[in-house]
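A short worksheet on the structure shown next.
The values are calculated or read from the model by the stated rules, or taken from the named source; none is laboratory data. Owing to the predicted nature of the structure, the values given are computational and were not obtained by experimental measurement. Here the Cβ positions follow ideal geometry from the backbone for every residue, glycine too, while neighbour counts run over all protein chains shown.
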Amino acid sequence: MKIYNTLTKKKEEFVPIEPGKVRMYVCGPTVYNLIHIGNARPMIVFDTMRRYLEHKGYDVNYVSNFTDVDDKIIKKAVEENVDATVISERYIAECKKDMEALHVMPATTHPQATQEIEGMKEMIQTLIDKGHAYAAADGTVYFRTRSFKEYGKLSHKNLDELEGGKRSLLVSGEDQKEDPLDFVLWKPKKEGEPAWESPWCDGRPGWHIECSVMSKKYLGEEIDIHAGGEDLVFPHHENEIAQSEAANGKPFAHYWMHNAFLNIDNRKMSKSLGNFFTVRDIIEKYDPMVLRFFMLSAHYRSQLNFSAELMEAAKNGLDRIRTAVANLQFLLQSAAGEMRVEEEALLAEAKGFADSFDAAMEDDCNTADALSAVFELVKFINSNTNESSSGTFLQALLDEVLTLADILGLAVEKKEELLDADIEALIEKRQAARKEKNFALADQIRQELLDKGIVLEDTREGVKWKRA
RNA sequence: GGCGUGAUAGCCAAGUGGUAAGGCACGGGUCUGCAACACCCUUAUCGCCGGUUCAAAUCCGGCUCGCGCCUCCA
């Protein structure tokens with residue numbers, strides 16, 4: 001499989017460190033609020049990446065953190081007059097609910113920064129011992145950026161350019177830095193903030209060190225894939241590389257993957273613009289699978305625009321897949337028999353769509369292209385199955401489409417659910433009316449059911465229904 | 001200013017040298033009591049200019065416009 005590597009700016013053939021195994025780290029959210037739909041993009045695309053790798057037979061060790069100590073969390077805790085852990089634990093729980101709704105598989109490990117303080121202190125001490133970090137007078141520990149010769153290799157910046165764009169030292173109160181490029185590894189506590197003891201001062205870790213440490217602890221010093229939103233390239237991931245490689249003395253991640261941003265109505269999502277949506281907002285209005293489908297309809301490295309209109313289109317597209325699956329299942333109820341010769345030929349043709357699907361996924365996880373293969377399969381199914389199809393043929397097609405949908409994490413099977421007795425009665429009453437050619441009454445009942453969210457379809461084999 | 005990225009039909013979106021996948025929407029048709037579903041048909045020469053090549057949406061140069069990062073925002 002080919003992966004676009006931010007480090008080299010090229011698509012490269014993926015070769016795992018250990019054959020058959022993948023060590024993958026995805027930067028997770030800071031838990032100070034419900035996650036927004038921008039947070040959901042990396043979760044969904046890299047979950048899909050993971051599902052595909054597992055489909056190929058890889059044993060994927062997937063680690064995604066929760067940043068549970070941070071200025072914003074502390075601010076929220078102060079506002080609510082509760083402990084910071086109350087805030088972080090609450091939003092971790094909420095985030096997990098959203099992830100489940102979106103079919104984002106739980107990570108192998110979901111480490112939390114506050115549970116890994118010891119490891120961070122160890123790595124910081126190592127960096128100090130090796131001359132890559134230093135403690136300032138007030139106990140703040142900084143990374144000596146210029147001591148890491150390859151700094152800038154991920155974001156393709158050079159240090160002098162960075163320095164050209166620096167802001168005034170005095171503004172940020174960072175005048176104790178040796179160099180403006182240095183960044184914080186450990187910062188002293190302020191009144192009322194959560195803090196941990198350390199050799200330098202009571203305080204808390206900087207943001208970047210947590211990922212270096214958690215990645216090392218759960219995946220090892222050298223990992224295959226490190227992923228996250230493109231905004232993290234600089235400075236977060238650049239700093240992670242500096243910390244990890246300076247401390248461990250070996251390459252950190254072999255492949256760096258970054259998803260592009262999600263815009264809302266062509267503008268950056270922000271609270272001030274009033275176009276800020278949480279995942280919770282959206283899944284109250286739409287099936288979470290529609291949001292997932294929408295996210296997969298574009299390449300992960302392309303900017304994606306979100307709007308109500310596009311969600312509507314996504315819903316209709318997903319419904320097309322679901323209808324085909326429901327039809328297969330409907331036909332299967334009464335189908336029997338072994339596959340016929342001509343069906344075997346058709347099935348061989350249908351396998352071609354799975355091959356196209358794989359080829360698309362092999363090419364840097366091109367989910368948009370993979371999805372088109374699914375639609376081609378759907379069309380093939382709709383055109384080549386009917387009441388006379390054999391059960392084994394129908395089942396094989398059903399298995400194929402469900403397998404592909406599952407790699408994308410899309411649930412496309414209609415949930416087995418029983419209709420209320422009164423709705424069943426209405427459907428039968430309408431059938432009776434149709435039999436008597438009383439179409440006015442039949443249409444009236446159909447409308448009544450539609451108002452209840454039940455859509456009817458009359459087929460030769462009987463009446464089918466589905467939720468609107 | 002530095003670095004980067006993008007411009008494909010009404011909308012969304014694949015496609016890195018050989019005469020444009022797929023989806024949504026629209027229109028026409030078949031099926032249906034009607035409808036829904038489904039199927040068939042119809043819809044673009046790829047921002048602009050120039051160049052390379054037998055051949056370019058795909059390569060090179062210029063231009064226009066959009067966007068991102070350079071401020072712990074995925």
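Of these, A:LYS429, A:LYS437, A:LYS466, which one is at pLDDT below 90 and out of contact with any Ser or Thr (no Cβ under 7 Å at 6 or more places or on another chain)? Let's see the steps before the verdict.
Working: A:LYS429 fails: at pLDDT below 90; A:LYS437 fails: at pLDDT below 90.
Only one candidate qualifies: A:LYS466.
Among A:ALA433, A:ALA411, A:ALA468, which is the only one that is surrounded by 15 or more Cβ atoms within 10 Å (Cβ to Cβ), closer than 22 Å to A:ASP319 by Cα and small (Gly, Ala, Ser)?
A:ALA411
Tally up the residues in segment A:330-345 that are under 11 Å from A:LEU397 (Cβ atoms) and surrounded by fewer than 19 Cβ atoms within 10 Å (Cβ to Cβ), please.
2
Which pairs do you get when a residue that is more than 22 Å from A:TYR255 (Cα to Cα), found in segment A:50-74, comes within reach of a residue that is among the hydrophobic types (A, V, I, L, M, F, W, C) and away from RNA strand B (no atom under 11 Å from the Cβ), reach meaning Cβ atoms under 8 angstrom, with the pair 6+ apart or on two chains?
Matching pairs, first to second residue: A:ASP68/A:ALA84; A:ASP68/A:ILE92; A:VAL69/A:ALA84; A:ILE73/A:ALA84; A:ILE73/A:ILE87; A:ILE74/A:ALA84.
Just the residues that are buried (at least 19 other Cβ atoms within 10 Å of the Cβ) and under 18 Å from A:ALA345 (Cβ atoms), please, taken from segment A:361-395.
Of everything in segment A:361-395, those that are buried (at least 19 other Cβ atoms within 10 Å of the Cβ) and under 18 Å from A:ALA345 (Cβ atoms) turn out to be A:LEU377, A:PHE380, A:ILE381, A:THR385, A:SER389, A:PHE393, A:LEU394.
Considering only residues that are within 21 Å of A:PRO111 (Cα to Cα) and over 30 Å from the mean Cα position of the chain (by Cα), which ones fall in segment A:199-215? Lay out the reasoning, then the answer.
Restricting attention to segment A:199-215, the residues satisfying the condition of being within 21 Å of A:PRO111 (Cα to Cα) are A:203-215.
Correct list: A:GLY203 only.
What number of residues within segment A:216-238 are modelled with pLDDT under 95 and over 21 Å from the mean Cα position of the chain (by Cα)?
Number satisfying all stated conditions: 2.
Scan segment A:232-249 and tell me whether some residue there is outside any helix (DSSP H, G or I) and surrounded by fewer than 23 Cβ atoms within 10 Å (Cβ to Cβ).
Within segment A:232-249, one or more residues are outside any helix (DSSP H, G or I) and surrounded by fewer than 23 Cβ atoms within 10 Å (Cβ to Cβ).
Only residues in segment A:324-353 that are within 18 Å of A:LEU404 (Cα to Cα) count as the first member; pair them with residues that are of a type in the set (Lys, Arg) and assigned to a helix (DSSP H, G or I), Cβ under 9 angstrom, at least 6 apart or cross-chain, and list the lot.
That search, which allows pairs on different chains as well, returns A:ALA324/A:LYS379.
Limited to segment A:282-305, what total is found for residues that are in contact (Cβ under 8 Å) with a residue 40 or more places away in the chain, closer than 17 Å to A:MET269 by Cβ and part of a helix (DSSP H, G or I)?
Qualifying residue count for the region: 4.
For segment A:190-216, which residues satisfy the criterion of being hydroxyl-bearing (Ser, Thr, Tyr) and in contact with a strand residue (DSSP E or B) (Cβ under 9 Å, 6 or more places away or on another chain)?
Listed by number, the residues that qualify are A:SER198, A:SER215.
Please identify the pairs in which a residue from segment A:306-319 that is in contact (Cβ under 8 Å) with a residue 12 or more places away in the chain and within 13 Å of A:LEU291 (Cβ to Cβ) has its Cβ atom under 8 Å from the Cβ atom of a residue that is of a type in the set (Phe, Trp, Tyr) and near RNA strand B (Cβ under 6 Å from one of its atoms), counting only partners at least 6 apart or on another chain.
A:GLY317/A:PHE375
Can you tell me how many residues within segment A:232-258 are within 15 Å of RNA strand B (Cβ to nearest atom) and of a type in the set (Phe, Trp, Tyr)?
2
I want to confirm something. Restricting to segment A:259-281 and keeping residues that are polar (S, T, N, Q) and either within 10 Å of RNA strand B (Cβ to nearest atom) or part of a loop (DSSP other than H, G, I, E, B) (or both), which single residue is surrounded by the most Cβ atoms within 10 Å (Cβ to Cβ)?
A:ASN259
Given the condition within 30 Å of A:LEU408 (Cβ to Cβ), over 17 Å from the mean Cα position of the chain (by Cα), of a type outside the set (D, E, K, R) and surrounded by 19 or more Cβ atoms within 10 Å (Cβ to Cβ), answer yes or no: does some residue in segment A:112-119 qualify?
Applying the first criterion (within 30 Å of A:LEU408 (Cβ to Cβ)) to segment A:112-119 yields A:112.
Applying the additional criterion that residues be over 17 Å from the mean Cα position of the chain (by Cα) yields A:112.
Next, from what is left, pick out any that are of a type outside the set (D, E, K, R): A:112.
Add one more test, that the residue is surrounded by 19 or more Cβ atoms within 10 Å (Cβ to Cβ), and what stays is A:112.
Yes, because at least one residue in segment A:112-119 is within 30 Å of A:LEU408 (Cβ to Cβ), over 17 Å from the mean Cα position of the chain (by Cα), of a type outside the set (D, E, K, R) and surrounded by 19 or more Cβ atoms within 10 Å (Cβ to Cβ).
Let me spell it out: the conditions are (1) touching a Leu at 6+ places or on another chain (Cβ under 6 Å); (2) surrounded by fewer than 16 Cβ atoms within 10 Å (Cβ to Cβ), and A:ILE445 meets all of them except one. Which number is the exception?
For A:ILE445, the failing item is (2).
Output the residues belonging to segment A:211-231 that are away from RNA strand B (no atom under 15 Å from the Cβ) and surrounded by fewer than 22 Cβ atoms within 10 Å (Cβ to Cβ).
A:LYS217, A:TYR218, A:GLY220, A:GLU221, A:GLU222
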